1. Is the stretch A:274-418 best put as rounded, prolate or oblate by its Cα gyration tensor, with a ≥ b ≥ c the root eigenvalues, rounded for a/c under 1.5, and otherwise prolate when a/b is larger than b/c, oblate when not?
2. Take every Cα-Cα pair in the stretch A:100-161 and report what % of them are more than 15 Å apart.
3. What is the magnitude of the charge dipole of the protein assembly as shown about its Cα centre, with +1 placed on the Cβ of each Lys and Arg, -1 on the Cβ of each Asp and Glu, and no other charges, expressed in debye to the nearest 20?
4. Enter the accessible area per residue of chain A (Å², integer; probe 1.4 Å; all protein chains in place).
5. Within straight cross-link reach of B:LYS211, meaning Cα distance under 20 Å, which lysines are found once same-chain residues fewer than 8 apart are removed?
6. Return the equivalent ellipsoid semi-axes of the stretch B:126-180 as a descending list in whole Å, where each equals the square root of 5 times an eigenvalue of the C-alpha gyration tensor.
7. With a sphere of radius 9 Å drawn around the Cβ of B:GLY104, what net charge do the other residues whose Cβ falls strictly inside it have (Lys, Arg +1; Asp, Glu -1)?
8. Based solely on its DSSP helices, what 222 nm [θ] is calculated for chain B when runs of n ≥ 4 H residues each add -39,500 (n - 2.57) and the sum is averaged over all residues, nearest 500 deg cm²/dmol?
Number of protein chains: 2
Amino acid sequence: MNDLHRWFIKQKKGGIELLRRLVQEASTQTNEATAQALIIEKCRQLQLELDIWEPEIEQLKKHPYFVSARTSFRHSPNVVAVWKGTGGGRSLILNSHIDVVPEGDVTQWAADPYSGKVEDGKLYGRGASDMKGGTVALLLAIEALQALGIRLKGDVIFQSVIEEESGGAGTLAAILRGYRADGAIIPEPTDMKLFPKQQGSLWFRITVRGKSAHGGTRYEGVSAIEKAWTVVRCLQQLETKRNERIDDPLYAHVPIPIPINIGTIRGGTWPSSVPDCVVLEGRMGVAPNETIEQAKQEMKEALCALGEQDAWLQSNIELEWFGAQWLPSSLEVTHPLLQTMTKAYRQVKGEDPIIEAAPWGTDGGLLTQVGAIPTIVFGPGTTAVAHYPNEYIDIDRVLEAAEMIAYAMIDWCGVAER
Amino acid sequence: MNDLHRWFIKQKKGGIELLRRLVQEASTQTNEATAQALIIEKCRQLQLELDIWEPEIEQLKKHPYFVSARTSFRHSPNVVAVWKGTGGGRSLILNSHIDVVPEGDVTQWAADPYSGKVEDGKLYGRGASDMKGGTVALLLAIEALQALGIRLKGDVIFQSVIEEESGGAGTLAAILRGYRADGAIIPEPTDMKLFPKQQGSLWFRITVRGKSAHGGTRYEGVSAIEKAWTVVRCLQQLETKRNERIDDPLYAHVPIPIPINIGTIRGGTWPSSVPDCVVLEGRMGVAPNETIEQAKQEMKEALCALGEQDAWLQSNIELEWFGAQWLPSSLEVTHPLLQTMTKAYRQVKGEDPIIEAAPWGTDGGLLTQVGAIPTIVFGPGTTAVAHYPNEYIDIDRVLEAAEMIAYAMIDWCGVAER
């Protein structure tokens, strides 16, 4: 057993403690500061060069890929912490997001959604997998190399950004602030798979209008709920059509490569009235090899075609794009970064990693398309429980991923002469 | 042209003014007091014996037919005003409700929903048809007889109650306070048709649970929106089945005699998450010849049967009955009250009235089943615009209905010797 592995075994308790405290800070949108404070303290202990700032919305607004419903990022700090190399090596961004999605229906959680409790080798709480376990893996990787006296040639740029779940304003801000590197790793919850290809995604809002009437003479009205279902079926057909054409082998084991998810539905004002308005909001996947604009156009055309079959819908549907947007991205399978990560995985596990295309978007799209930074997504979290009640992460995987990332850093950035 | 008719022509302007002011008081649930103040003043001018009280919720709660989401009726007064007869004649309740439903989607109204504006012989505003036009018709009928020096033998009991739109607590309170009569007329908006049969109705809430997951891997979850649609289709089939068995000739011209209307839908919390909970609220019609309990049982059975076809739904649907409930009721077509009203109609219009079964519930169910008071629903409002944007009432109909009710009062209560 080598020194690196031994270090991770010794530090397991410390790693769990850091993750537990991080999960207990409920860092939903606008509430990121206290979780970031824990990150900042850890980076300070690691003697990294800290850069802490609140993204400036006026500057971000000028960028075509900025989307956010927020009007200010005050009290929502971004954190970047640099471990400077000695020079002459490839640089590496280690990107993670501090924000988590809401807990959803609290009655479906067995314990408090931010408990951080540990049971049977798992740590529970919203954000454990998506993606605080990944954040901790990054910090432990840096700590491990430092503890073993290893200095790297290339810079390591650790990032803990806001707003990943809502469109990427945090990572975009870091790119616009000037942070670049020869490669990037994002430990989103991939079940330890390597994702060299990123799905993009868009948030849509579809408003369907009806005609109100008394519920007792409902035939005098037009139910926006019934009309909304016609729209839902149309989206189901669109999803089927878009996925039938996906033939990328990296998606071979993914049931629905680029899904269309309807996340919320709201309509009607009174039980005794025919509902005159229903609003659907959801998320549309964008394939790695298509543009955001192509995906938008296809949905628009599907709804127009629906209008041709249903006269009412022709003038009573509105489509908008709002909120979060993730750019797709693609790394060729021969890329050195993928080779580095594959070798690091083999070094720790003794077997080859599974390489697939990501079922969801990440800030990797921004890093790739705006920063021109080759990016791989790989992390210890469990995909199936992200955004789900009773989210958890396997603690052993956190340490395994940390060890793999440490090896990747050695290989990518190069080790300085003592 | 006789004296009564001449009086109505002369008083048209005053009638419009009273209705306009009444409509301009937005008397939605809990906001009834200012509209009632106008009623009280008019009754005072008519020298009626006023009884004004706030229904007592602890007393009402004891009654099996009390349903209300409210915890208090403070500041929501009921008004009863009696025009005592000289004795020896049949008594008549003239029942109306002061409360109105919400205005719905304001963007669908051409003017302010409480404008009371008059245009082309119509008066506009929420409540004009349902049912302030009816209330004004009752008051004008009393005023007309008084103006012509006519004294009646039987008592006339005018009522302006709260909560008709939300389950009948106002009329129930009046019945429990002791108000009885040999007959009752309720001028809800019937397009001048006579309704001797009342539909009942119930408010239901159906909660459908799903399983949350990330929208990018939506196949790992169960969409409560998709499952809710299975429930909606089940309710559509139930409605078809229940209406196929309606063979009452009074329903011959009604497209859907006892509809099931889904009024509101709410579900999901985040566009990027599979929705784990959807709540449907709506109104179920109850036929005049069935009980509330039978209707409830039939819906329960339909949802259980659905559970047998869909394993997920078997343990993930909840059905509740809440809020408003209207009892059905039925008056045989040979009843003297119907004959009185028919004669009164003929006297004014010179032709027979249309006699049908009501497409919606009214407080007539309570008057009939709790008060044992034979009840007819007949009024000047336009059914199709009740609960609808741009609600209005035809002013000439208000006066026509008032004249008919005046004749009905003469015939039913009898005229005292001078």
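1. Here the stretch A:274-418 falls in the prolate category.
2. Cα-Cα pairs in the stretch A:100-161 separated by more than 15 Å: 63 percent.
3. My answer is approximately 840 debye.
4. I get 37 Å² per residue for chain A.
5. B:LYS227
6. 24, 18, 5
7. That sum, taken over residues with Cβ under 9 Å, equals -2.
8. -10500 deg cm²/dmol
The values are calculated or read from the model by the stated rules, or taken from the named source; none is laboratory data. Note that the structure is predicted; figures quoted are calculated from it, not measured. Backbone-built Cβ (ideal geometry, glycine too); neighbour counts: all protein chains shown. Heads up: the accessible areas ignore ligands, DNA and RNA and are worked out on the full protein's heavy atoms, side chains in. Shrake-Rupley method; radii C 1.70, N 1.55, O 1.52, S 1.80 Å.
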